[in-house]
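Heads up, the thing below is written out as structure tokens.
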Amino acid sequence: MEAHTSVVLGIESSCDDTAAAILIDGKVCANVVSSQLRHAEHGGVVPELASRLHQSYIARVVQQALQDAGVGFTDLTAVAYTQGPGLLGALLVGATYAKALGSALGIPAIGVDHLQGHRLSLLLAEPPASFPFLCLTVSGGHTQLDWVTDGANHETLGRTRDDAAGECFDKTAKLLGLPYPGGPVLDKLAETGTPGTHPLPHPSIEGFDFSFSGLKTALLYYLQKQPEGFVAAHLADLAASLRAVVVASLLEKLAAAIHHTGAQHVGIAGGVSANRLLRRDFMTLTEKLGVTGHLPPPAYCTDNAAMIALGGLQLLQGGMAPDPYATPFATQR
Ligand code: KG4
Ligand code: ZN
């Protein structure tokens, strides 16, 4: 292989995707994700099962990434892994693998914050974002607004006080009898339905914080009052009504944060940024406000290791010295 300045292996194992990616001189040359589909039969992610599946997939996923990029272990100049937040047992698999590899190869092993990884995926958007930018991170575990100043630093303006947006989609989809994870299924169904046909409350909370748990409860009570067969007969309209409320709430806060920060570059990251209505309405909003909107391609919206490799590269370029004693953290810091 010709000599490159940096060849970074990224490893992501925070939840139910075992992922590895290779970044050569900052360009994604491999992005492999093995999704643990076996959780679907349990209706949600089973932590113990996730750890075991990461353990059995990780070596193969890394091998595939190396092969796709046409590089070998000895070409690597650094390895970046998700340090947290996430499921502790799942994180330990990626962290242990990365540290062992770093130690064997004599290269730095860098712990990357999963959420910072999602935020930095905006650098992989078309057009790529440039610092500083405002990022709405919406995933199964998080919903928050951050002002991102560089590869290592951000200021959180607001976050959900209860359920995350993806969690809201997954839980309401479950109420509608849809399979896990419900977000993408509900999104697809909603495309054929009419929003606003069922009375659902618009979450109202002050400042830049979000709240979605009331929506799930409101839907539950609403459905309990309906006759048998109601959900099946109104499935698409229910999905469309729900999706519209969640998306409107997210974009309302994002618009307020754009005004507050004077941001010129704005993006959405995390699994829910794959949502069709959110993407459409986000582009309309950014055009209306005259700011540049950045949306990662779908492969970089959901959990992936390219964003982790990028996070590691940014930290190294920022002069950060890797901490060999870094330990995985399960919850947000
Ligand atoms: O970022 P991610 O892959 O994992 C976490 O860090 O949580 O996000 C997964 C979440 C799930 O809740 C899933 O239902 C949601 O993203 N999601 C969607 C869509 N695709 C994935 N939600 C709504 N619409 C979608 N198209
Ligand atoms: Zn994520």
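Please verify whether Gly86 is more than 17 Å from the chain's Cα centre (by Cα), of a type outside the set (A, V, I, L, M) and farther than 30 Å from Gln264 by Cα, treating the condition exactly as stated. When the stated conditions are applied, Gly86 does not pass them. Taking (1) on the phi < 0 side of the Ramachandran plot; (2) more than 16 Å from ligand 2 (Cβ to nearest atom) in turn, Gly177 satisfies each apart from (1). One residue alone among Val266, Val272 is assigned to a helix (DSSP H, G or I) and either of a type outside the set (S, T, N, Q) or closer than 25 Å to Thr194 by Cβ (or both), and that residue is Val272. Is it the case that Gly182 is buried (at least 22 other Cβ atoms within 10 Å of the Cβ), farther than 22 Å from Leu277 by Cβ and out of contact with any Cys (no Cβ under 7 Å at 6 or more places or on another chain)? Considered against the rule, which asks whether it is buried (at least 22 other Cβ atoms within 10 Å of the Cβ), farther than 22 Å from Leu277 by Cβ and out of contact with any Cys (no Cβ under 7 Å at 6 or more places or on another chain), Gly182 comes out as no.
Scanning region 127-164 for residues that are within 16 Å of ligand 1 (Cβ to nearest atom), among the charged types (D, E, K, R) and part of a strand (DSSP E or B) yields Asp146, Arg159. Taken as a whole, the structure leaves Leu235 outside the set of residues that are surrounded by 14 or more Cβ atoms within 10 Å (Cβ to Cβ) and either within 16 Å of ligand 2 (Cβ to nearest atom) or at pLDDT below 95 (or both). Just one of the listed residues (Leu242, Leu215, Leu219, Leu238) is within 26 Å of Ala299 (Cβ to Cβ) and within 16 Å of ligand 1 (Cβ to nearest atom), and it is Leu242. The set of residues in region 282-328 that are free of Cβ contacts under 8 Å to residues at least 40 places away in the same chain and either crowded, with 16+ Cβ neighbours inside 10 Å or under 21 Å from Ile268 (Cα atoms) (or both) comprises Phe282, Met283, Thr284, Leu285, Thr286, Glu287, Lys288, Leu289, Gly290, Val291, Gly293, Pro298. Gly86 passes every criterion in (1) modelled with pLDDT under 95; (2) touching a strand residue (DSSP E or B) at 6+ places or on another chain (Cβ under 8 Å) apart from (2).
Matching residues to (1) touching a helix residue (DSSP H, G or I) at 6+ places or on another chain (Cβ under 6 Å); (2) within 25 Å of Thr197 (Cα to Cα); (3) in a helix (DSSP H, G or I); (4) not small (Gly, Ala, Ser):
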{"residue": "Ala239", "(1), (2), (3), (4)": "yes, yes, yes, no"}
{"residue": "Ala257", "(1), (2), (3), (4)": "no, no, yes, no"}
{"residue": "Ala299", "(1), (2), (3), (4)": "no, no, yes, no"}
{"residue": "Leu316", "(1), (2), (3), (4)": "no, no, yes, yes"}
{"residue": "Pro324", "(1), (2), (3), (4)": "no, no, no, yes"}
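The sole residue among Val112, Val62 that is modelled with pLDDT of 95 or more, crowded, with 23+ Cβ neighbours inside 10 Å and within 16 Å of ligand 1 (Cβ to nearest atom) is Val112.
The values are calculated or read from the model by the stated rules, or taken from the named source; none is laboratory data. All values reported here derive from a predicted model rather than from experimental measurement. Every residue, glycine as well, gets a Cβ built from its backbone with ideal geometry; the counts of neighbours run over all protein chains shown.
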